[in-house]
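**Q** Pasting a structure below so you can have a look.
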Amino acid sequence: MPSRFPAAMMALVSAAVLGCPALADDAPLEDLLRRDRLDWIEAAKAEGRSGLARKTRPVDARPALLGEIVVTRIKGQGVETRSTPAVQGDMVVRNRCYASGNEEILVSAEKFPGRYGDPMGPADEVGYREYRPSGTEMIYAIVPEADGSFAIEAPWGELQRVVPGDAIVQIPEDPTDTYRIERRAFDCTYELITPAGD
């Protein structure tokens, strides 16, 4: 017997039960419109839509295996990006944000110490240790609904999914270090210093 609930209603019910966005953009990365991340953030700054924020929530991190590829998966959206193969000294960083799925990223050996410093305690049974972000100030802007969903080439050379409501962040001292933070991950791991304009 056919269901009396339209597909859209079933999607909303599923989203409510699973705690996922009802209209999550799970299209393959390769199928998304591509935009230049640097052009996008520069336009946001020129239009007065940027602000300042810093990452404050502790993370868990472990040494990456040589050649390991870290696939960043966002709850309700699927694959956000894939890392390049890890080299000696790279670290796998796991965010503490249940809402976005406690996603993992690969941070290079060069950048990790400046972003996270020394561990706060011993390693767990699989090698993760707690680290606290250094609190580096970052420029950010929120992706408006009018922009729709798109993909950018991240600093590590792979595609990264971007959907309305996400933040695109930039390290002022290294403007090429510009990338996406999923909206829920941004809300629960960053604090605003100067709120972005509309």
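**Q** Spot the failing condition for SER134; the list is (1) at pLDDT 95 or above; (2) touching a helix residue (DSSP H, G or I) at 6+ places or on another chain (Cβ under 6 Å), and only one is missed.
**A** Result: SER134 fails condition (1) only.
**Q** Just for region 69-82: of the residues that are in a loop (DSSP other than H, G, I, E, B) and in contact with a strand residue (DSSP E or B) (Cβ under 9 Å, 6 or more places away or on another chain), which one is surrounded by the most Cβ atoms within 10 Å (Cβ to Cβ)?
**A** So, considering only residues that are in a loop (DSSP other than H, G, I, E, B) and in contact with a strand residue (DSSP E or B) (Cβ under 9 Å, 6 or more places away or on another chain), the one surrounded by the most Cβ atoms within 10 Å (Cβ to Cβ) is VAL70.
**Q** I need the full set of residues from region 42-68 which are more than 16 Å from the chain's Cα centre (by Cα), within 21 Å of GLU125 (Cα to Cα) and either part of a loop (DSSP other than H, G, I, E, B) or modelled with pLDDT under 95 (or both), in order please.
**A** If the condition is that a residue be more than 16 Å from the chain's Cα centre (by Cα), within 21 Å of GLU125 (Cα to Cα) and either part of a loop (DSSP other than H, G, I, E, B) or modelled with pLDDT under 95 (or both), then ALA64, LEU65, LEU66, GLU68 are the ones that fit.
**Q** Right, ALA109: at pLDDT 95 or above, in contact with a strand residue (DSSP E or B) (Cβ under 9 Å, 6 or more places away or on another chain) and more than 25 Å from ALA44 (Cα to Cα) or not?
**A** Numbers: at pLDDT 95 or above: yes; in contact with a strand residue (DSSP E or B) (Cβ under 9 Å, 6 or more places away or on another chain): yes; more than 25 Å from ALA44 (Cα to Cα): yes.
Yes: the conditions hold for ALA109.
**Q** Run SER134 past the list (1) surrounded by 14 or more Cβ atoms within 10 Å (Cβ to Cβ); (2) free of Cβ contacts under 8 Å to residues at least 40 places away in the same chain; (3) of a type outside the set (Asp, Glu) and report the number of the one that doesn't hold.
**A** The failed condition is (1).
**Q** Scanning for something in a strand (DSSP E or B) and modelled with pLDDT under 90, does region 21-32 turn up at least one residue?
**A** First pass over region 21-32, keeping only residues in a strand (DSSP E or B): none.
Looking for residues that are in a strand (DSSP E or B) and modelled with pLDDT under 90, one finds none in region 21-32, hence no.
**Q** Any residue in region 42-64 that is within 16 Å of GLU153 (Cα to Cα) and either surrounded by fewer than 15 Cβ atoms within 10 Å (Cβ to Cβ) or out of contact with any helix residue (DSSP H, G or I) (no Cβ under 8 Å at 6 or more places or on another chain) (or both)? Reasoning before the result, please.
**A** Here is the first cut: in region 42-64, the ones within 16 Å of GLU153 (Cα to Cα) are 42.
Those left that are additionally either surrounded by fewer than 15 Cβ atoms within 10 Å (Cβ to Cβ) or out of contact with any helix residue (DSSP H, G or I) (no Cβ under 8 Å at 6 or more places or on another chain) (or both): 42.
Yes, some residue in region 42-64 is within 16 Å of GLU153 (Cα to Cα) and either surrounded by fewer than 15 Cβ atoms within 10 Å (Cβ to Cβ) or out of contact with any helix residue (DSSP H, G or I) (no Cβ under 8 Å at 6 or more places or on another chain) (or both).
**Q** Just to verify a result, which residue in region 86-100, among those that are over 15 Å from PRO58 (Cα atoms) and surrounded by fewer than 21 Cβ atoms within 10 Å (Cβ to Cβ), is farthest from the chain's Cα centre (by Cα)?
**A** Only one residue tops the list, namely GLN88.
**Q** Let me ask something else about it. Can you find, within region 137-148, the residue that is surrounded by the most Cβ atoms within 10 Å (Cβ to Cβ) among those that are closer than 19 Å to GLN170 by Cα and in contact with a Pro (Cβ under 9 Å, 6 or more places away or on another chain)?
**A** Of everything passing the filter in region 137-148, VAL143 is surrounded by the most Cβ atoms within 10 Å (Cβ to Cβ).
**Q** In region 160-176, which residues are touching a residue at least 40 places away in the same chain (Cβ under 8 Å) and surrounded by fewer than 19 Cβ atoms within 10 Å (Cβ to Cβ)?
**A** PRO175, THR176
**Q** Can we say ILE139 is in contact with a helix residue (DSSP H, G or I) (Cβ under 8 Å, 6 or more places away or on another chain), part of a strand (DSSP E or B) and either within 21 Å of GLY76 (Cβ to Cβ) or without any contact (Cβ under 8 Å) to a residue 40 or more places away in the chain (or both)?
**A** No.
The values are calculated or read from the model by the stated rules, or taken from the named source; none is laboratory data. Bear in mind the structure is a predicted one, so any value in this text is a computation, not a measurement. No Cβ is skipped: glycine too gets one built from the backbone with ideal geometry, and neighbour counts run over all protein chains shown.
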